[in-house]
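Take a look at this one; I'll ask things after.
The values are calculated or read from the model by the stated rules, or taken from the named source; none is laboratory data. Keep in mind that this is a model prediction, so the values were computed, not measured. Cβ: placed from backbone, ideal geometry, glycine included. Neighbour counts: every protein chain shown.
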Amino acid sequence: MYAVEPNPSRLETIKAGRSFFFEEGLDVLIKSALDNGSLIPTDSYANSVKHSFAVFSCVGTPDNPDGSSNLEYVMSAAKQAAQYMQPGAIYIQKSTVPVGTGLQIIAIFDKLGVQAPYISNPEFLREGTAVHDTLYFDRIVAGGDDKDAVETVLGIYQKLEESRDKITKLSGVSTGNKSGQYMATSLNSAELIKVAANAFLAMKISFANSIARLSDAVDADIVEVMDAVGADARIGRSFLNAGRGYGGGCFPKDVSGLIASGLKNGVELELIQATQSLNDSMPGYIVKKLHTALGGIKNKKIAILGLAFKAGTSDVRRSPGVTIANILAQSGATVTTYDPQAQEQAAEWLYEGISQNFSINDALAGVDAVVIATDWPEILTYPPTLYAKTMKGAILMDAVNALSRHRMESHNLTYIGVGR
Ligand code: UDX
């Protein structure tokens, strides 16, 4: 298997047997595949695509300023690969693209005289649990007109499933759902499945956050509410955790991409628009709660613990922790931060004057308040006695609703959650 990576420093990292981002279990898999010769990292389409019967496109699709998907890398990869596709080879799209992209690429292939079947095979893995999710999937979707090619793609995953126990052991990730489904669909359905699934999950989070705001107003506890709401098997408890809102490289851009797709096709997706605007308002809502608790933000010293958009990753794209830190700094607070993995990535997004620290203790020294913005185990298990000892003030804003109010209050901390 070839891994084509045009970025020289990333390629060098892979060649050295490591991933260029933090992801549980991945380094050992890269190292072992390099050692046994089954993985060949390269920057050359010619040397890789020419020898491949299946070509997976897994490039980034960032969003444009208007919220639509930027397909620059998707199109560039397709055009470069097209030059070297061998007769019978299949082109498989894993990148998240708006519905209709596959048909555009097929038209490009036709123009270039490339006959390769085109299959949409959306990716559902989560960062931080990418290896686990790849091995223990809920479903594998492959969509396209060429039924044989669809079956071939599904067959690649069936093979992977056969080696699952071995890979699980080697990578050290946990086991999971062993009865995932294989689903063959049309091309446009496959493209829509990915963004619709992400938009639905994002909608669940925004739903929980809107009920959390009502819980704040009426003195209910969102965790109790969602525990009981989610106990209904038709609803399910997952993705109903209220807090500072969702971030990352997927939900924000998939939601805006779906809205843009709708508008392009004359359909206004009001539910999805509301999901987005509610989420955009959550960091500001957290700051407002802090403002009330502190009697103002200006000249206060506030620590943010957690800059990654979620635990288990060094990714800070659209991270609520970074947004909250920046709003606070803009409002005149002195802001200190700490993250176990994401400090380097966060550096370019944090406003000037925001300090990064080497430990939770350093970030907390002398602060009036602390905001827990990512549910890293290191942060959640930090002893309440140390908060009380290290901080000047006593306000603890739990923006991920992951700590016990009772435990924090018993150490004389003023606990504030989101909807609790
Ligand atoms: C997501 C999808 O889950 C995955 O299927 C898709 O392939 C890529 O996008 P990911 O972005 O890695 O995965 O993270 P995810 O675990 O879904 O969390 C996204 C954001 O939502 C995080 O900021 C997380 O903190 C937040 N979140 C999640 C909540 O605020 N509440 C929840 O209940 C769940």
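With the structure loaded, tell me whether D148 is closer than 18 Å to L278 by Cβ, among the charged types (D, E, K, R) and more than 15 Å from the ligand (Cβ to nearest atom) or whether it fails that test.
Numbers: closer than 18 Å to L278 by Cβ: no; among the charged types (D, E, K, R): yes; more than 15 Å from the ligand (Cβ to nearest atom): yes.
Against the criterion (closer than 18 Å to L278 by Cβ, among the charged types (D, E, K, R) and more than 15 Å from the ligand (Cβ to nearest atom)), D148 does not qualify.
Any residue at all in the stretch 113-120 that is touching an Asp or Glu at 6+ places or on another chain (Cβ under 7 Å), of a type outside the set (F, W, Y) and closer than 26 Å to T101 by Cα?
The answer is yes, given that some residue of the stretch 113-120 is touching an Asp or Glu at 6+ places or on another chain (Cβ under 7 Å), of a type outside the set (F, W, Y) and closer than 26 Å to T101 by Cα.
Restricting attention to the stretch 206-213, does a residue exist that is near the ligand (Cβ under 7 Å from one of its atoms) and closer than 30 Å to A342 by Cβ? Step through it out loud before you land on a result.
As a first pass, look at the stretch 206-213 and keep what is near the ligand (Cβ under 7 Å from one of its atoms): 208.
Next, from what is left, pick out any that are closer than 30 Å to A342 by Cβ: 208.
Yes: the stretch 206-213 contains one or more residues that are near the ligand (Cβ under 7 Å from one of its atoms) and closer than 30 Å to A342 by Cβ.
Please list, ordered by residue number, the strands (runs of 3 or more DSSP E) wholly in the stretch 308-420 having 3 or more residues that are hydroxyl-bearing (S, T, Y).
The strands (runs of 3 or more DSSP E) meeting that bar are 334-338.
Give the residue that is farthest from the chain's Cα centre (by Cα), with candidates limited to residues of the stretch 243-265 that are more than 12 Å from the ligand (Cβ to nearest atom) and under 30 Å from V225 (Cβ atoms).
Per the criteria, the residue is I259.
Given the conditions (1) surrounded by 15 or more Cβ atoms within 10 Å (Cβ to Cβ); (2) among the hydrophobic types (A, V, I, L, M, F, W, C); (3) touching a residue at least 60 places away in the same chain (Cβ under 8 Å), report the number of the one that A342 does not fulfil.
If we test A342 against (1) surrounded by 15 or more Cβ atoms within 10 Å (Cβ to Cβ); (2) among the hydrophobic types (A, V, I, L, M, F, W, C); (3) touching a residue at least 60 places away in the same chain (Cβ under 8 Å), just (3) comes out false.
State all residues of the stretch 371-395 that are aliphatic (A, V, I, L, M) and within 17 Å of M282 (Cα to Cα); if no residue qualifies, say none.
V371, I372, A373
Just a yes or no: is a residue in the stretch 254-263 modelled with pLDDT of 95 or more, crowded, with 22+ Cβ neighbours inside 10 Å and under 23 Å from E378 (Cα atoms)?
No, the stretch 254-263 contains no residue that is modelled with pLDDT of 95 or more, crowded, with 22+ Cβ neighbours inside 10 Å and under 23 Å from E378 (Cα atoms).
Something else about it: Restricting the stretch 114-138 to residues that are free of Cβ contacts under 8 Å to residues at least 60 places away in the same chain and out of contact with any helix residue (DSSP H, G or I) (no Cβ under 9 Å at 6 or more places or on another chain), which is nearest to the ligand (Cβ to nearest atom)?
Only one residue fits best here, namely D133.
So which residues in the stretch 215-233 are free of Cβ contacts under 8 Å to residues at least 40 places away in the same chain and not in a helix (DSSP H, G or I), if there are any at all?
Across the stretch 215-233, the qualifying residues are D219, A231, D232, A233.
Follow-up question, since we're still on this one. Go over the candidates R126, R139 one by one and state the one that is surrounded by fewer than 22 Cβ atoms within 10 Å (Cβ to Cβ) and more than 26 Å from V316 (Cα to Cα).
R139
Applying the selection to the stretch 292-335, what residues are charged (D, E, K, R) and closer than 17 Å to D398 by Cα?
Of everything in the stretch 292-335, those that are charged (D, E, K, R) and closer than 17 Å to D398 by Cα turn out to be K301, K310.
For A228, are the conditions met, namely being of a type in the set (A, V, I, L, M, F, W, C), more than 13 Å from V418 (Cα to Cα) and touching a strand residue (DSSP E or B) at 6+ places or on another chain (Cβ under 8 Å)?
No: the conditions fail for A228.
Within the stretch 66-108, track down each residue that is small (G, A, S), within 16 Å of the ligand (Cβ to nearest atom) and touching a residue at least 60 places away in the same chain (Cβ under 8 Å).
Narrowing the stretch 66-108 to residues small (G, A, S): 67-69, 76-78, 81-82, 88-89, 95, 100, 102, 107.
Remaining after also requiring within 16 Å of the ligand (Cβ to nearest atom): 69, 95.
The answer is S69, and nothing else.
If Y91 satisfies all but one of (1) within 30 Å of G247 (Cα to Cα); (2) assigned to a strand (DSSP E or B), what's the number of the condition it fails?
(1)
Which of the residues belonging to the stretch 214-242 are within 11 Å of the ligand (Cβ to nearest atom) and of a type in the set (S, T, Y)?
Once the filter is applied, which keeps residues that are within 11 Å of the ligand (Cβ to nearest atom) and of a type in the set (S, T, Y), the stretch 214-242 yields only S238.
For N401, work out the one condition from (1) polar (S, T, N, Q); (2) more than 24 Å from the chain's Cα centre (by Cα); (3) under 26 Å from D219 (Cβ atoms) it doesn't fulfil.
Failed condition: (2).
Filter the stretch 278-310 for residues that are surrounded by fewer than 21 Cβ atoms within 10 Å (Cβ to Cβ) and small (G, A, S); which is nearest to F251 (Cα to Cα)?
Only one residue tops the list, namely S281.
Same structure, new question: Only one of T336, T323 is within 18 Å of P283 (Cβ to Cβ), surrounded by 21 or more Cβ atoms within 10 Å (Cβ to Cβ) and within 16 Å of the ligand (Cβ to nearest atom); which?
Values: T336 fails: within 16 Å of the ligand (Cβ to nearest atom).
Step by step, each of T336, T323 is checked, and only T323 is within 18 Å of P283 (Cβ to Cβ), surrounded by 21 or more Cβ atoms within 10 Å (Cβ to Cβ) and within 16 Å of the ligand (Cβ to nearest atom).
For the stretch 69-85, which residues satisfy the criterion of being more than 20 Å from L125 (Cβ to Cβ) and touching a helix residue (DSSP H, G or I) at 6+ places or on another chain (Cβ under 8 Å)?
As a first pass, look at the stretch 69-85 and keep what is more than 20 Å from L125 (Cβ to Cβ): 70-72, 75-76, 78-85.
If the condition is that a residue be more than 20 Å from L125 (Cβ to Cβ) and touching a helix residue (DSSP H, G or I) at 6+ places or on another chain (Cβ under 8 Å), then L71, M75, A78, K79, Q80, A81, A82, Q83, Y84, M85 are the ones that fit.
Let me ask something else. Residues in the stretch 294-317 that are under 20 Å from A402 (Cβ atoms), within 16 Å of the ligand (Cβ to nearest atom) and not β-branched (V, I, T): how many?
10
Next question. Please state which of the following conditions K79 fails to meet, knowing it meets all the rest: (1) touching a Leu at 6+ places or on another chain (Cβ under 8 Å); (2) modelled with pLDDT under 95.
(2)
Shifting gears a bit: Take D35 and tell me if it is over 20 Å from M75 (Cα atoms), of a type in the set (D, E) and more than 21 Å from the chain's Cα centre (by Cα).
yes
I need the full set of residues from the stretch 363-402 which are crowded, with 21+ Cβ neighbours inside 10 Å and closer than 19 Å to R213 by Cα, in order please.
Result: V371, I372, A373, L396, M397, D398, A399, V400, N401.
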